[in-house]
Each structure stands twice: as C-alpha cells, then as structure tokens.
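Laboratory data are not the source of any read-out in this text; all were calculated from the coordinates shown. Note that the coordinates shown come from a computational prediction; the quantities given were computed from them, not determined experimentally. Neighbour counts run over all protein chains shown; Cβ positions are idealised from the backbone, glycine included.
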Amino acid sequence: MQIMQAPDDATCLSAPPDALCSLVRQVGKPAFVGALLASSRVFAPVEFVSIFLYPNKNTPIFVGTEGPAGRRYASSAADHYMARHYRDDPNLGIMFEHGGVDGSRITYVSRDDIPTVGYRTWCYDRAHIADRLSLIGRTERGLSFSVSFYGGRETGVLSESSRRALAAFFPIVRAVALRHFELWRNGGIDPATTRVRVLERFPMLSPREADVAAGVVAGMTAEEIGGWLGIAPTSVITHRKRAYERVAVANQREFLRVFYGS
C-alpha cells in the first residue's frame, strides 16, 4: 500500500465549474455520493465511490456508495465490508494505530496488494474492483473517515496520471465531505424530526424501534442513540435488530436505501 500526504489546497485543480457546482449543491442530501462519483469522473475513470465514518476501529458507519447504474457491485461490496471485512482494511491501521492519522492522508492499494483472501474476494473480485485511492482523515469531532474511489475490472487500475488528477481534487473532496458529515449527522438530519418520517414510512415499527431507526438515519452510533434516548447501547442494538427485521432488511445500508427510496 502507498501512503501520501494529502494536498492542503486545490490551486492546481483544473475542472469544469459546473461539475463542482453540482457537487456542492448536493452536500447534505441523499444524492451527494452520486454527485461525488460524477464529479470524480471529470478527473479519472472512476467506477465506484464509497464513504464511511469510523467512531472507533470496530464501528464502521456507512454513509454511502455509488457505482455503475443498474449494477449492485458497489452495494454488495459495502455489505460484505461492514459485515466482516473492514477489519482487514489497511486504512484502519493508519486511522487508529500509533495515535491515528494527523491531518489527511491519501492511500492507494491495488487488488493484488491485499493479502487477506476473504477481503480480496468479497470486496474486490466479486465487486469487479481493481484498485482503490482513498482520502482518510478526521472530522472536527475527531471521527475518522474515508472517501474512496475505485477503478473497475473492465477499465483496469487507475493510472498514475489518474491518481495524480484525483489527488488534486481531494482538497475539494475533503471540504465537501466534512460539510456533508456535519449536515448528515447534525443539522441536516435531526433524529427527532426524522422520527416522524420514519413512522410515516414504516408504521409497523414500535415507538422505541422508530426512535432507534431515526438515530440510524441520523448516522448515530449505538452509544450515541443510547445517550439520546436514555437507554443502554445493548438495548439500542436489540431494537435496531427488530426494526431491521420488521422492514425486511439486513443492515444499515439496506435500511437507508429503503428509507430514502420512499
């Protein structure tokens, strides 16, 4: 894996203004990740994008992923990543070992560089992913995050010139991602307000399940939801599991897709 310091500014960036304006307009909205994928393709032949927050090394929070229209490769990779294989992601070592990352970093890994068979198979081979260029850092609240751009098997690995072009775009990516996290977790998605829509969309949920589901939509961890509701994190996990079962989804990513698809 290659590790580089991320640039601090975008003075060398050359991009059509419309591409950046359309991205900025989607900050804090469900279409943000799709807009990020579209904007990244101005710089390189990117096939997939994924965004995760990490309150700690054992709790990846799915923010979003996008890939080619009509193909579920990106979604499938995100599911397997969250279920098990995040533990094998070398980015987590940079985020959490030796005090964590100071400032933003860029990491690059190709499919052939991944030693863990399960991670390589389920999150790269079956998703038709060839390589990954990631921006990792911390939010103002101190949460680690990753924004990753992937080359596809059909188009091949991202060339060195493509990676340089994307790296020049990363100061913009960092700025809009940090603002998106702020709105997504706080002002833009208030759990108390979201609870009303959760019950409208999923009337089969009990009041407590709706509370917890609203926290899930707001991107809160089990500990944060427990603090908000005054219940133990273990109770949050129980209610969350029941909510997923009632909605007939398996995980957070599927729940958010159904919620925003309403």
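Computed quantities for the displayed model
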item: Where labels lie 7 Å past Cα in the beta-carbon direction, separation of Asp112 and Met204 in nm; result: 4.8
item: Integer Hz, Karplus 6.51/-1.76/1.60 couplings in order for region 56-62, x for Gly and Pro; result: 7, 6, 9, 9, x, 10, 6
item: Stretchable slack from Glu160 to Arg141, in nm (0.36 nm times residue separation minus alpha-carbon distance); result: 3.5 nm
item: Axial C-alpha extent at least 24 Å, average Kyte-Doolittle at least -1.0 - helices from the chain (DSSP); result: 160-182
item: Burial ranking of peptide ranges 82-92, 222-232 (average Cβ count within 10 Å, highest at the top); result: 82-92, 222-232
item: Dimensions (Å) - region 118-262, Cα atoms, principal axes, largest first; result: 53, 33, 28
item: Dimensions in Å of region 191-260 - Rg and Dmax from alpha carbons; result: 10.5, 28
item: Selection of GluC sites (Glu not before Pro), region 70-158, meeting DSSP coil and at most 15 other Cβ within 10 Å; result: Glu140, Glu154
item: For the chain, alpha-carbon Rg and Dmax in angstrom; result: 18.1, 53
item: Per-selection metrics, region 65-178 (Cα): Rg and Dmax in Å; result: 14.0, 41
item: Sequence ranges 194-200, 130-136, 168-174, 27-33, ranked by mean other-Cβ count within 10 angstrom, highest first; result: 130-136, 168-174, 27-33, 194-200
item: Integer Hz, Karplus 6.51/-1.76/1.60 couplings in order for region 108-122, x for Gly and Pro; result: 10, 9, 9, 4, 6, 7, 8, x, 7, 4, x, 4, 5, 5, 7
item: Long-range HN-HN contacts of Gly152 with modeled amide H, under 5 Å; result: Glu47, Ala130
